[in-house]
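This report concerns only the one structure given below.
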Ligand SMILES: Cc1ncc(C[n+]2csc(CCOP(=O)(O)OP(=O)(O)O)c2C)c(N)n1
């Protein structure tokens, strides 16, 4: 009987054998990679793709089950099984593995159809799966989410966060599988870091089932049983690293080393598979790779969300209250929309002002506790499932605390909107650990993330409304203090009802011709006060508000160069923020101006914000002096 005619268990057996040969061949061809865990987990993956609801010809089918592979290093196994189930030709994966411009990267990438989440940093997959399982619940979908993890990976603290979240929300549509081969890079998991994996899951409210991870019948029947449970299930799958080749079995060195060609010959003999190494080697150099995916088409968020009517503020208030009011209003006016809005919180909703949304929409508000790492990834993964997802936290905990998770969301082309409050030294008396002075500089190193700093409550309202139908990852950062409503010099609202936000556009606050002042964030009110006082004294600097400090228009740079002198003011470390961007952009454009950078130049002491602003020369009096001296 030919391979194509096989069905049931014999088909699965033949497929695993062919996949093992592919795993070994591609890693030997590349001279690197992770064959050991690929061989231990291949039978599990094989069973999974045999049972889940998916369509290799329509990989982005709306109601598909999703498989997150948290151990991104077992990419050879993932590529082999996806190829053998029809996603792409196996030969492409074997010859393209770890080759420049191919989609068969070292660790799995979401750009490859069939891969739901890019992984590689261990300990992230369960959080992503939690976010996807929550998304399925919100959408009333019966789709299931599976996550395959390593046993060494269970050591990561974020695993515990994700377990708790899955349990709290009773994610009975979530099934985790641990490839329990008892080895990791440095040897036995018990020597590296002893841990009782089963008990950890049970203690956190999961149901645990145990199987032989190489027994197809057992795996299939356990997956079936898992479907019927009322709580999240973890299947502890006992496996053998390097399974199928005697000299590889239970050898931790094969976690991350490829076979030599002569060892491959012997291994393929043992598997009873033909050796096509030389043939593939010749193809490796010339394989034309599939063109890059139209990322927008598959990953972008398509929404029918409406921005509604702006709320106009006439009285001084804090930007975070304007954010809270806007998101609640957007929730209300979009109740009939197809695209749900969801909000995550980490035990700070009263301070970050999402409590109004929480009360109005408890089923789409996720109280995630003090688990920022898990929250950032879960919210990011949810945002990749057609849900406009917001996460609001203090600047410190939503930026520096979770830099890697933001990076992972960026790499995954997620659509997360992170709203940071209490950014900068405008956090009050909480001191250094709470003073987020690097939120712009962290976003600077995330190529796809855009950061926006609203100026006042009206601006905040318009920006949140502008964002409501935007795809992509954004950070909106604001301080804690109350901000006066900004006015033009004709005493009109600076951000009136009909103002429309444009990313990257500088807002002219005061006309002038004696140097230029750029301000972003909370110091704007003091800066306007200072510039207005200077105008009374006959000194006229041109003042702009910069809401997108990482995107400065060429026309603005030309204006600055023409005026010759510029002051930048920001509640941020003076390295890496607005001042740095300006210096860099001027140099890139071959333009020149003498620049004074005003901002935070060291970890700040603990004091009320107005005193700290004075300490760093950002109060109105200090600014009158520094701007006045600089621009004359
Ligand atoms: C956060 C993080 N730390 C370290 C690594 C490096 N690393 C890659 S694989 C691995 C061991 C993983 O062990 P396990 O989960 O048991 O996978 P297996 O060895 O079974 O393939 C380590 C430490 C990583 N990828 N991510």
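Among 505, 602, rank each residue by its count of other Cβ atoms within 10 Å, from fewest to most, as a rough exposure measure.
Working: 505 17, 602 10.
Fewest-to-most ranking of 505, 602: 602, 505.
With a Förster radius of 60 Å applied to the beta-carbon distance between residue 212 and residue 314, the computed FRET efficiency rounds to 0.30.
On the beta carbon distance between residue 497 and residue 99, with R0 = 41 Å, the FRET formula returns roughly 0.15.
Would you list 102, 609, 186, 384 from fewest to most Cβ contacts within 10 Å? Each step should come with its number before you reach the end.
Working: 102 18, 609 21, 186 12, 384 25.
Final ranking by Cβ density, sparse to dense: 186, 102, 609, 384.
With the simple spin-label model, which puts each label point 7 Å out from Cα in the Cβ direction, the residue 202 to residue 270 separation comes to 3.4 nm.
Could you give the distance between the Cα centres of segment 518-572 and segment 67-84, to the whole Å? So the two Cα centres are separated by 51 Å. Inter-part distance, segment 393-470 to segment 314-378, computed on C-alpha centroids, equals 15 Å.
Kindly put 206, 630, 391 in sequence by how many other C-beta atoms sit within 10 Å of each C-beta, fewest to most. Walk me through the numbers before you get to the answer.
Working: 206 21, 630 18, 391 29.
Listed from fewest to most nearby Cβ atoms, that is 630, 206, 391.
Angle between the Cα long axis of helix 319-333 and the longest principal axis of the chain, 0 to 90 degrees, nearest 10? The answer is roughly 60 degrees.
Computed from the C-beta positions of residue 594 and residue 489, the FRET efficiency with R₀ = 22 Å rounds to 0.30. Seen against the Cα atoms of the chain and their longest principal axis, helix 578-588 is set at about 80 degrees. If you fit an axis through the alpha-carbon atoms of helix 554-563 and take the longest principal axis of the Cα set of the chain, what angle between them do you get, 0 to 90°, nearest 10? Taking Cα atoms only, the helix is inclined about 40 degrees.
Bear in mind that the values in this text are calculations on the coordinates, not laboratory data. Quick caveat, the model's predicted, so the values are computed rather than measured. When we count neighbours, we look across all protein chains shown, and the Cβ atoms used for this are built from the backbone with ideal geometry, even at glycine.
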